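A quick write-up on the structure given underneath.
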Amino acid sequence: MLDWEHIFATRSSRMKASEIRELLKLLEQPDIISFAGGIPDPALFPAEEFQKAYSDIFAGPQVNAALQYSVSEGYKPLRDWIVQDVAKIGIDCQPENVFITSGSQQALDYLGKLFLSPKDTALVTWPTYLGALSAFNAYEPTYDQLSLNGNRTPEAYREAAAKSGGAVKFAYLSADFSNPTGETIGLEGREKLLDLADEMDIAILEDAAYQHLRFDGQPIPPIMALDIERKGGIENTRTIYSGSFSKTLAPGLRVGFVIASMPVIRKLVLMKQAADLHSSTINQIAIEQVAARGFDAQVAKIKAAYSERRDFMLKALEKYMPKGTSWTKPEGGMFVWVTLPEGMDGAELLAKSIATEKVAFVPGRAFYADGSNANTLRMSYSCANGEMIEEGIKRLGRLIASASVEEKEALPII
């Protein structure tokens with residue numbers, strides 16, 4: 001066979017299979033209790049609403065436009081709807097500031113391409129969304145840990161970036177119910193990030209995939225809303241806000257969006273024209289129709305289901321996890337982040353769990369840009385009912401307790 005490796009671009013060496021995508025194959029095994037995939041529950045999809053939307057499209061005068069090429073910026077009525085929706089959370093923008101993507105993952109890819117030259121630095125949280133690392137990796141960056149507690153100065157970030165041969169270009173984070181930890185950045189942390197970005201003259205990439213999934217606690221303004229308030233308008237901001245309909249309506253339609261000032265939007269449009277011309281027109285029309293008819297009701301339905309499952313998981317963790325294990329207590333989203341006893345490896349635990357307890361989760365190391373913190377794991381409650389959660393956490397707690405005893409017995413006697 002032909003040896004392709006010497007022909008591939010050097011960036012291809014940084015492309016790795018997603019551990020999460022591989023783990024999703026376990027969902028096909030009926031005997032596995034899976035907390036691995038951070039995916040919406042298909043039973044909650046508004047299937048009838050989409051059936052009506054597509055039927056209306058094909059039965060009406062829109063059908064030709066729906067099946068035709070369209071503008072790269074995105075379907076105007078959908079952008080109008082997004083403008084009205086984000087206004088409720090303090091983001092004052094115009095349709096021209098909204099750019100439709102093929103899912104928020106395409107937005108991350110485009111933004112990595114737009115800002116990162118080889119050896120430039122991206123500031124990311126420790127841990128961070130694995131999909132963001134996968135998107136950015138193709139552009140050969142260096143990663144540095146984004147700290148919002150004030151223990152890193154702008155000069156320290158600059159010096160580290162210079163040693164790597166580039167400059168700091170942006171800070172990326174999910175401020176609300178982040179993937180993978182489920183944690184939320186408080187108002188003070190968001191303000192500190194804006195201060196840091198202003199001082200360093202870098203962009204902020206705000207990933208708001210879970211913005212609508214708050215179950216309890218007080219809402220906090222998005223970073224972009226705070227930036228607009230500071231600067232007096234979106235055209236003066238450095239925050240780039242990305243959102244998606246994947247977690248609220250349906251992921252299979254692959255409709256996401258970016259909100260930013262016009263210089264950024266213009267560049268993204270050029271990238272879209274070069275890559276795939278535009279996102280699916282018919283899917284954008286269907287999304288707009290379903291959102292306009294009942295977005296708030298759909299969000300209320302999924303929040304009720306996911307919050308109940310979150311509560312089941314937190315109670316089960318409290319009941320079955322051995323001492324030395326800790327976990328986050330998210331106010332929304334789809335994830336709980338578990339820290340195992342020191343010295344335990346999440347990947348090794350997963351192998352044992354699949355073989356003996358039939359419980360799947362995502363080892364935490366993949367979410368760290370430096371591959372550290374092996375004693376962590378991510379669990380999603382979005383596709384598990386109460387009975388599955390109770391039984392799965394019981395099995396997992398038993399396995400962790402057993403593995404912890406084995407670790408202690410293996411320690412040398414001094």
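If we scan the range 311-321, do we find a residue that is assigned to a loop (DSSP other than H, G, I, E, B) and over 25 Å from Asp207 (Cβ atoms)?
To start, the set of residues in the range 311-321 that are assigned to a loop (DSSP other than H, G, I, E, B) comprises 321.
Subset that is over 25 Å from Asp207 (Cβ atoms): 321.
Yes.
Got a number for residues in the range 333-359 being on the phi < 0 side of the Ramachandran plot, buried (at least 23 other Cβ atoms within 10 Å of the Cβ) and part of a loop (DSSP other than H, G, I, E, B)?
2
Residues of the range 47-82 being more than 21 Å from Gln273 (Cβ to Cβ) and among the aromatic types (Phe, Trp, Tyr), which ones?
Selection gives Phe50, Tyr54, Phe58, Trp81.
Answer yes or no as to whether Pro322 is surrounded by fewer than 18 Cβ atoms within 10 Å (Cβ to Cβ), modelled with pLDDT of 95 or more and either farther than 14 Å from Ser380 by Cα or touching a helix residue (DSSP H, G or I) at 6+ places or on another chain (Cβ under 7 Å) (or both). Steps first, answer last, please.
On the way: surrounded by fewer than 18 Cβ atoms within 10 Å (Cβ to Cβ): yes; modelled with pLDDT of 95 or more: yes; either farther than 14 Å from Ser380 by Cα or touching a helix residue (DSSP H, G or I) at 6+ places or on another chain (Cβ under 7 Å) (or both): yes.
Spelling it out, Pro322 is indeed surrounded by fewer than 18 Cβ atoms within 10 Å (Cβ to Cβ), modelled with pLDDT of 95 or more and either farther than 14 Å from Ser380 by Cα or touching a helix residue (DSSP H, G or I) at 6+ places or on another chain (Cβ under 7 Å) (or both).
Counting only residues that are of a type in the set (Ser, Thr, Tyr) and surrounded by 12 or more Cβ atoms within 10 Å (Cβ to Cβ), which one in the range 13-50 is modelled with the lowest pLDDT?
Ser18
May I ask you to say which residue of Ser55, Ser70 is without any contact (Cβ under 8 Å) to a residue 24 or more places away in the chain, in the same structural domain as Ile259 (by TED's automatic domain parsing) and either more than 30 Å from Arg378 (Cα to Cα) or of a type outside the set (Ser, Thr, Tyr) (or both)? First the steps, then the outcome.
Working: Ser70 fails: without any contact (Cβ under 8 Å) to a residue 24 or more places away in the chain.
Just a single option satisfies the conditions, and that option is Ser55.
From (1) over 16 Å from Leu253 (Cβ atoms); (2) part of a helix (DSSP H, G or I); (3) of a type in the set (D, E, K, R), pick out the condition that doesn't hold for Glu288.
Of (1) over 16 Å from Leu253 (Cβ atoms); (2) part of a helix (DSSP H, G or I); (3) of a type in the set (D, E, K, R), only one is false for Glu288: (1).
The values are calculated or read from the model by the stated rules, or taken from the named source; none is laboratory data. Just so we're clear, the structure is a prediction, and the values are computed from it rather than from any experiment. Cβ: placed from backbone, ideal geometry, glycine included. Neighbour counts: every protein chain shown.
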